[in-house]
1. Tell me what the chain gives for mean residue ellipticity at 222 nm when only DSSP H runs of n ≥ 4 count, each as -39,500 (n - 2.57), the sum divided by the residue total, rounded to 500 deg cm²/dmol.
2. Which of 164, 97, 71 ends up with the largest GNM mean-square fluctuation for the chain, with Cα atoms connected below 10 Å?
3. Could you work out the percent of alpha carbon pairs in the stretch 175-272 separated by over 17 Å, rounded to a whole number?
4. With a 10 Å cut-off between alpha carbons and a GNM built on the chain, which of 202, 211, 48 moves the most?
5. Got a sec? Charge dipole of the stretch 175-272, +1 on Cβ for Lys and Arg, -1 for Asp and Glu; which of 247, 260, 216 is way out at the positive end?
6. What is the sum of charges around residue 296, taking Lys and Arg as +1, Asp and Glu as -1, for the other residues whose C-beta is under 12 Å from the C-beta of residue 296?
7. In cubic angstrom, how much convex hull volume per residue do the alpha carbon atoms of the stretch 126-188 span?
8. Stick to the Cα atoms of the chain, pair each with every other, and give me the Kirkwood hydrodynamic radius in Å at one decimal.
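Please treat every number below as a calculation from the coordinates, not as lab data. Being a predicted model, the structure only gives us computed values, none of them experimental. Reconstructed Cβ throughout: ideal geometry from the backbone, glycine too, with neighbour counts over all protein chains shown.
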Amino acid sequence: MERILVVGGGIAGTATALALHKAGFDVVVHEAHPDTAEDIGAFLTLASNGMRALAQLGASDAVTSIGFPLRSLRLLDDRGSEVAHAPMGEADDALLRYRCLRRGALNAALQAEAVRRGIGIVHGARLVSFENGPHQVSARFADGSVATGALLIGADGVNSTLRRSIAPGVEPVSAGQRVFYGYTRGASVAEETGHITMVRGSNASFGYAVSPDRETYWFARVATEALPTEEPAASGPSRRREQLVALLRADATPAADIVAAATDGIMATNATEIPPGTPWHSGRTLIIGDAAHAASPATGQGASMALEDAVILAKSLRDAPDAERAFALYEACRRPRVEHNITVSGQISRGTRTPPRTGSAPSPRRTGDDALIAQLDWDSDLRAVSGEGGSGATAADRSAPRP
Ligand SMILES: Cc1cc2nc3c(=O)[nH]c(=O)nc-3n(C[C@H](O)[C@H](O)[C@H](O)COP(=O)(O)OP(=O)(O)OC[C@H]3O[C@@H](n4cnc5c(N)ncnc54)[C@H](O)[C@@H]3O)c2cc1C
């Protein structure tokens, strides 16, 4: 069996390895970080569509054992008055309801699940270049080592090295916001755990959720020019807190007090996106996840889209007759959906679109997107359910991999 190389052991790369392994491929992940603890501070929410993708990989348990569930969304105006409170996504299904997790914990859980299934993960392997050949592709790493495989899947994030070769000149662009996030223990908020509260403030969009052990996970999105990633010392955590609290004090909401009492350092990042239309593949190499279609965080869908990518890519390679047609099938299924997310999320970040009142995401059930549910269903033939024509064979019939 020919090997598929995955570069990047984040959410997209590790989930893709789980999916390819489930489809019967030999897969190895090469991750730049020496361990699993990257970006341990940040958190995210997985939406019902992402949880559905995980369920198709049989990986729900690995993820529901960490973080905490979110069943509903409250919306507050700038006076702190509740203007809406509604269920989010598939709140009644324990496996599919939204989940709030620390990103490092999610990465570690997915990687542990991959290792448990016998998938190789090479840490400390930073890809520097690759070469597409007629029958195989070679990946070269910073330590001088080289790996070869039938295909190379680039899941190396928004600053992807692979994308720079596949789509020269394409760089992430600012979506016009800076995102701050942190944790506050013992915040003076009355909320129960189990829902996320979004505050439409006059200077910032603020969101928070209280964990079962009373830790408040919060973020603020503030309209601003993109700032350098490496901030000078004067803009360090305490200055950051001061500036943010001053912005949030303009409103009578719980936001300013939550940030003022933040327990640890406050993290900050620019909201960036990859322009729609970016090429995704070249020869035997394809980029997925944030490398291909990072969106601003406003819809909170990046990780869920990465999990969908994993299932659809593995099914494409399982169901199409060869790699070229598999990549075309994958792109036909994925591009409209992920680029819609980039557009909607970018419009919310730039203030030209109002976010929806229930959930932040195009959850399949809510939008009635039966086509997506059919595509994610592991047992369906992706060609048949995507209108590309299929044999009607069962998943078991199609288990022989042929990249
Ligand atoms: C502030 C903020 C908030 C967010 N909130 C949410 C949210 O609530 N919900 C949500 O769904 N999404 C959210 N997202 C988006 C989400 O984090 C990303 O969409 C998701 O992490 C993408 O996963 P990925 O695996 O494609 O990329 P990454 O998570 O970036 O993983 C890329 C991996 O590749 C590795 N790598 C990089 N370069 C190389 C190389 N040359 N060689 C080998 N390995 C390499 C990295 O070390 C990393 O492990 C948010 C993003 C931001 C910035």
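1. So the helix-based figure for the chain works out to -9500 deg cm²/dmol.
2. The residue with the greatest mean-square fluctuation here is 164.
3. The calculated P(r) of the stretch 175-272 puts 47 percent of pairs beyond 17 Å.
4. Checking each option, the largest mean-square fluctuation is seen for 202.
5. 247
6. Once positives and negatives cancel, what remains is +2.
7. Expressed per residue, the convex hull around the Cα atoms of the stretch 126-188 is 152 Å³.
8. 21.6 Å is the Kirkwood radius here.
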